[in-house]
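Note sheet for the following structure.
Every read-out reported here was derived from the displayed coordinates using simple, explicitly stated rules and does not represent laboratory data. Please read all numbers here as calculations on a predicted model, not as lab measurements. Here the Cβ is made from the backbone with ideal geometry for all residues, glycine too, and neighbour counts use every protein chain on show.
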């Protein structure tokens, strides 16, 4: 195994406001010429941790949206943005579930779902308090 010679695939300053882009969560996604979709941690030039959605036809050339992901549907207290990092995406059924370390009185696990990587429905935080890593397992075990 060796490191890809063209790393980094996504330059740190791909967005006009980005200081760094990393910890991507990429999944296969078939819609028009979009073959892959992802959620990316993009720290801005003030080093605020933001989440952005992006698309790629080949997995190497990315179009990451300049605007942060806008989460909808959550209680206003939960929806207040402090920070977000380490996104993960898992497809379950017809939805793509996103988890990330969400700032809410300290780190917790944020949860949202999307079908198009344009609109994200936020749910309650998964674990309180002080949990920062979370992934959803895409298969059932004993029916659960």
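Below are the figures for this structure:
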read-out	value
Least to most buried among 48, 3 (fewest other Cβ within 10 Å first)	3, 48
Percentage relative contact order, region 18-122, counting C-alpha pairs under 8 Å, at least six apart	22
Label-point separation, residue 137 to residue 57 (7 Å along Cα→Cβ), nm	3.9
Beta bridges per DSSP with both ends in the chain, % antiparallel, nearest 5	95
Under 17 Å from the residue 1 label point (7 Å along Cα→beta-carbon), backbone N, region 54-96	none
Neighbour-count ranking [beta-carbon atoms within 10 angstrom, fewest first] of 62, 100, 81, 2	2, 81, 62, 100
Area projected by the alpha carbon convex hull of region 1-60, averaged over all directions, nm²	4.7
Neighbour-count ranking [beta-carbon atoms within 10 angstrom, fewest first] of 65, 140	140, 65
Packing-based order for 106-113, 92-99, using average beta carbon neighbours within 10 Å, highest first	106-113, 92-99
Anisotropy class of region 18-122 from Cα gyration tensor, a/c 1.5 cut	oblate
